[in-house]
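Peer 1: Pasting in a structure now, in structure tokens, and then I'll have a few things to ask.
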Amino acid sequence: MTGFKVRQSLLLFLTAVIWGVAFVAQSAGMEHLGPFTYNGSRSVLGGLVLLPCIAFLDRIQGQSRGDGSVREAVTLRGVDETAKQAGNGRQLLIGGLCCGLILFAASNFQQFGIQYTTVGKAGFITAMYILIVPLLGLFVHKKAGLQVWIGVLFGITGLYLLCMKDSLRLEKGDALVLVCAFIFSLHILVIDHFSQKVDGVKMSCIQFWVCGILSLICSLYFEVPNLQDILASWLPICYGGIMSCGVAYTLQIVGQKGMNPTVASLILSLESVVAVVAGFLLLGQAMSRRELFGCLMMVMAITFAQLPEKKRS
């Protein structure tokens with residue numbers, strides 16, 4: 001594996017760690033807030049956090065033009081010099097709007113689904129994007145090698161052992177979360193398309209504002225948000241906004257640049273493993289042998305999927 005792929009894989013793994021811990025914050029936030037209010041609040045906060053980051057990185061890039069180190073600044077932002085010079089603002093806007101609309105749909109389907117199903121089922125069904133992504137990728141000519149498909153098989157088995165505690169029956173909540181998994185698969189593929197062309201940090205900022213504004217508008221129609229409940233949930237909102245949105249989704253966009261979307265989805269699916277570990281450390285929920293074996297299967301899936309393919313002569 002090249003140094004570039006190692007770096008991108010580490011960024012995606014860090015994303016999965018942040019998202020895994022976010023399950024605890026997400027559960028706590030729902031104690032006082034409705035799904036639209038919580039998602040809207042944390043998404044707007046995530047967009048606000050990225051504004052000074054963008055200004056800081058723009059300043060670094062401006063200084064780099066003066067000292068001849070443009071390449072380093074561009075590498076930091078996750079966008080090549082050709083795209084930067086072209087000023088691809090239209091692609092940036094389109095990418096941000098598309099990602100924001102998809103994120104709005106996926107995150108709210110997930111939030112509503114969790115209300116009607118168990119956390120184990122929700123975790124398993126959501127992470128089904130590790131299977132959906134390569135299937136959808138076939139329609140956009142994103143082929144995956146044999147070891148990637150074997151990794152997918154290991155991953156699905158590991159997720160089943162890790163998350164499922166009872167019979168798998170598609171009930172109301174399960175159906176909502178399954179829709180969420182399909183939409184998150186589209187989100188990964190859309191990011192794979194636009195991350196090659198635009199500034200990842202700016203696109204991430206745009207998607208949060210789109211997702212946040214739409215969620216807050218829906219909260220005014222379908223929920224009864226009030227300042228007291230929002231203040232009571234300040235800690236899960238801050239984690240969800242700053243870490244899960246502002247940091248993790250940006251790392252996802254930057255980390256997916258140049259990565260096979262199927263491999264990226266496998267790495268991101270490690271959030272389920274991290275969620276179990278976070279539950280043990282923060283909530284005192286012990287892991288059974290079945291869950292530990294599921295974690296081992298997930299690690300094998302990620303490792304196997306990233307082995308270099310043998311080229312035929």
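Peer 1: Using beta carbons and a limit of 6 Å, which pairs, at least six apart or on different chains, have the first residue in region 216-242 and at negative phi and the second one of a type in the set (Lys, Arg) and modelled with pLDDT of 90 or more?
Peer 2: Partner pairs satisfying both residue conditions: Ile237/Arg42; Gly240/Arg42; Gly241/Arg42.
Peer 1: Taking the options Val133, Val140, Val74, Val70, name whichever one is modelled with pLDDT under 80, surrounded by 20 or more Cβ atoms within 10 Å (Cβ to Cβ) and within 23 Å of Phe4 (Cβ to Cβ).
Peer 2: On the way: Val140 fails: surrounded by 20 or more Cβ atoms within 10 Å (Cβ to Cβ); Val74 fails: surrounded by 20 or more Cβ atoms within 10 Å (Cβ to Cβ); Val70 fails: surrounded by 20 or more Cβ atoms within 10 Å (Cβ to Cβ).
Within the list Val133, Val140, Val74, Val70, the selection yields Val133.
Peer 1: Out of (1) farther than 22 Å from Gly20 by Cβ; (2) in a helix (DSSP H, G or I), the odd one out for Tyr249 is which?
Peer 2: In the conditions (1) farther than 22 Å from Gly20 by Cβ; (2) in a helix (DSSP H, G or I), Tyr249 misses (1) alone.
Peer 1: Report whether or not Ala305 is surrounded by 24 or more Cβ atoms within 10 Å (Cβ to Cβ), at pLDDT below 80 and of a type in the set (A, V, I, L, M, F, W, C).
Peer 2: On the way: surrounded by 24 or more Cβ atoms within 10 Å (Cβ to Cβ): yes; at pLDDT below 80: yes; of a type in the set (A, V, I, L, M, F, W, C): yes.
Taking the combined requirement at face value, the residue satisfies it.
Peer 1: Another one. So which of Leu10, Leu33 ends up being within 19 Å of the chain's Cα centre (by Cα) and modelled with pLDDT of 80 or more?
Peer 2: Checking each option against the conditions leaves just Leu10.
Peer 1: Another question, then. Give the residue that is modelled with the highest pLDDT, with candidates limited to residues of region 115-129 that are more than 12 Å from Leu159 (Cα to Cα) and of a type in the set (S, T, N, Q).
Peer 2: Step one: filter region 115-129 for residues more than 12 Å from Leu159 (Cα to Cα), giving 115-119.
With the extra rule that they be of a type in the set (S, T, N, Q), the set shrinks to 115, 117-118.
On the way: Gln115: 77, Thr117: 71, Thr118: 66.
Checking each candidate, the answer is Gln115.
The values are calculated or read from the model by the stated rules, or taken from the named source; none is laboratory data. Quantities reported herein were computed from a predicted structural model and do not represent experimental measurements. Cβ sites come from the backbone with ideal geometry, for glycine too, and all protein chains shown count toward neighbours.
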